[in-house]
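Heads up: the structure comes next, in structure tokens.
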């Protein structure tokens with residue numbers, strides 16, 4: 001049984017290197033006679049605020065919201081990459097996050113070498129990887145190119161391989177960030193098919209996308225984020241309807 | 001109706017310790033990443049990693065002749081001393097300099113997966129250890145020609161020293177990696193300090209050339225003691241008690257500082273890179 005439990009999660013994102021701004025600020029305060037450099041000059045952005053969420057086996061959730069609404073940040077909190085500033089995160093189950101297809105993809109290494117490395121990064125043994133190598137090779141349809149360094153691949157071929165590797169491991173909790181639309185038309189069909197299988201195999205799926213069609217296709221529930229808050233959470237059709245109404249009005 | 005209990009994020013000892021433990025047990029990951037670094041650096045070159053060997057060889061062989069004349073030291077004494085000193089120095093200094101970038105370099109990994117942070121230091125140590133092994137090649141003929149050989153006990157001391165050194169590199173490496181990702185000025189500062197240290201540490205010259213007063217001062221130089229830890233057994237000597245206790249102390253301090261800082265900052269590293 002997999003489980004995700006977020007209680008009152010707030011995440012403040014420190015922004016470093018915004019020096020021009022703090023310099024200007026301290027100059028201004030110098031002119032106006034205020035105290036200089038009283039703060040540490042670190043700007044914080046509140047990326048998520050007071051998020052409560054409970055998901056259990058069988059839940060498939062689509063994340064919707066504008067750019068910068070906190071979708072990717074939420075996925076990274078679920079992936080245990082970001083620790084919230086306030087609140088609790090409890091996760092049970094093996095997580096696989098496809099936040100970036102190109103993770104661990106090294107341009108100078110060959111296709112085969114990349115398959116091995118990606119497998120290791122996902123915690124597989126060399127034996128497991130050998131077993132999967134063939135499936136990945138077949139799915140990517142790259143044939144002999146797999147023995148060549150990836151830098152010789154076209155953009156589309158690179159994505160094909162990355163997608164084939166990333167989706168060859170079935171997790172309990174699947175976290176996806178806009179990974180559709182890979183390669184040419186036939187491969188796109190195939191990748192959608194693979195995604196459906198992967199979603200079906202996983203216990204919990206959280207999927208962020210701007211495409212309502214894909215969300216409807218893969219998810220039963222939807223979570224609408226706005227400026228780091230949960231605007232709505234419920235059945236996919238209801239939430240999407242509300243989202244669309246607001247979008248059309250605004 | 002529910003009670004809010006904001007978790008204090010200031011000190012998470014368990015998270016830090018489990019990071020270290022998980023890192024050590026993921027040896028498959030850091031070992032392959034370390035090897036990959038070596039393979040990639042020389043992918044399209046003919047000599048491959050032996051470029052490392054060659055450049056070390058040129059440096060040692062040419063400097064040896066010149067400096068033994070300059071310092072009027074017998075070549076049989078000076079050559080082995082210089083050669084072993086240079087390779088241990090290269091090992092130490094590149095770990096220190098590269099450690100500042102250990103997290104920044106791996107930003108893509110850190111932002112996309114939740115691998116333990118200590119993996120990136122272990123990757124760096126692996127890479128530099130492999131380079132050290134390459135660097136041994138040009139030193140071997142010198143040791144053989146001048147009949148300098150570590151005794152059986154010396155070999156044990158060397159293995160012990162290497163283990164001790166690697167744990168010092170591990171603890172201080174993690175420390176520097178954290179500081180280096182938060183404060184980007186660290187790397188240039190460290191790099192220039194290391195350069196100065198090369199000159200004030202007995203590598204090209206010998207400790208015994210100094211006045212007793214300066215010798216006592218130099219004993220406090222951590223680089224001197226770290227080099228002695230590895231160099232002495234290679235030269236058929238046994239590291240002094242001073243060296244051993246200094247290095248053990250260094251390791252203890254390094255681990256204490258590293259664990260405290262990791263417990264305090266681990267959850268923020270992802271924001272820093």
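With only the Cα atoms considered, the protein assembly as shown has a convex hull volume of 212 Å³ per residue. Per residue of the protein assembly as shown, the DSSP helices (runs of n ≥ 4 H) give a summed -39500 (n - 2.57) that works out to -19000 deg cm²/dmol at 222 nm. Ratio of Rg to Rh for segment A:67-192, alpha carbon only, Kirkwood? Ratio of gyration radius to Kirkwood radius: 1.00.
Residue ranges A:44-53, A:140-149, B:89-98 sort as B:89-98, A:44-53, A:140-149 when ordered by packing (mean number of other C-beta atoms within 10 Å per residue, highest first).
Across all directions, the average projected area of the convex hull around the alpha carbons of segment A:188-244 is 4.3 nm². Using a 10 angstrom cutoff on alpha carbons, build the Gaussian network for chain A and name the most mobile of A:65, A:104, A:123. In the Gaussian network model the winner is A:123.
According to the Cα-based calculation, Rg over Rh for segment A:125-250 is 1.06, with Rh computed by the Kirkwood formula.
Once the convex hull of all Cα atoms in segment B:122-202 is built, its volume per residue stands at 123 Å³.
Helix B:118-145 axis versus longest C-alpha principal axis of chain B: approximately 10°, rounded to the nearest ten.
Between 0 and 90 degrees, the angle of helix A:155-166 with respect to the longest Cα principal axis of chain A falls at about 90 degrees.
Taking segment B:27-54 and a reference point 7 angstrom along Cα→Cβ of residue A:148, the backbone N atoms nearer than 18 Å belong to B:44. Gyration tensor over the Cα atoms of segment B:17-147: the corresponding equivalent ellipsoid has semi-axes (square roots of 5 times the eigenvalues, largest first) of 35, 15, 12 Å. Multiplying each eigenvalue of the alpha-carbon gyration tensor of chain B by 5 and taking the square root yields semi-axes of 37, 21, 16 Å, largest first, rounded to whole angstroms. Tell me the angle of helix A:126-140 to the major Cα principal axis of chain A, expressed in degrees between 0 and 90 and rounded to the nearest ten. Relative to chain A, helix A:126-140 is tipped by roughly 80 degrees. Please identify, among B:219, B:100, B:135, the residue showing maximal mean-square fluctuation in a Gaussian network model of chain B using a 10 angstrom Cα cutoff. Largest GNM mean-square fluctuation: B:219. Taken residue by residue and averaged, Cβ atoms of other chains lying within 10 Å of the Cβ of B:112-119 number 5.
An ellipsoid equivalent to segment B:99-234, defined through the eigenvalues of its Cα gyration tensor, has semi-axes of 31, 21, 13 Å when rounded to whole angstrom and sorted largest first. Computed over chain B with a Gaussian network model linking Cα atoms closer than 10 Å, the most mobile of B:167, B:245, B:208 is B:208. Each part reduced to its alpha carbon centroid, segment A:90-147 and segment B:151-188 end up 32 Å apart. The length gained by stretching the chain between residue B:17 and residue B:136 to full extension, at 0.36 nm per residue less their Cα-Cα distance, is 39.4 nm. The convex hull defined by the C-alpha atoms of chain A has an orientation-averaged projected area of 17.1 nm².
Every read-out reported here was derived from the displayed coordinates using simple, explicitly stated rules and does not represent laboratory data. Nothing here was measured: the structure is a model prediction, and the numbers come from that model. Note that each Cβ is placed from the backbone with ideal geometry, even for glycine, and that neighbours are counted across all protein chains shown.
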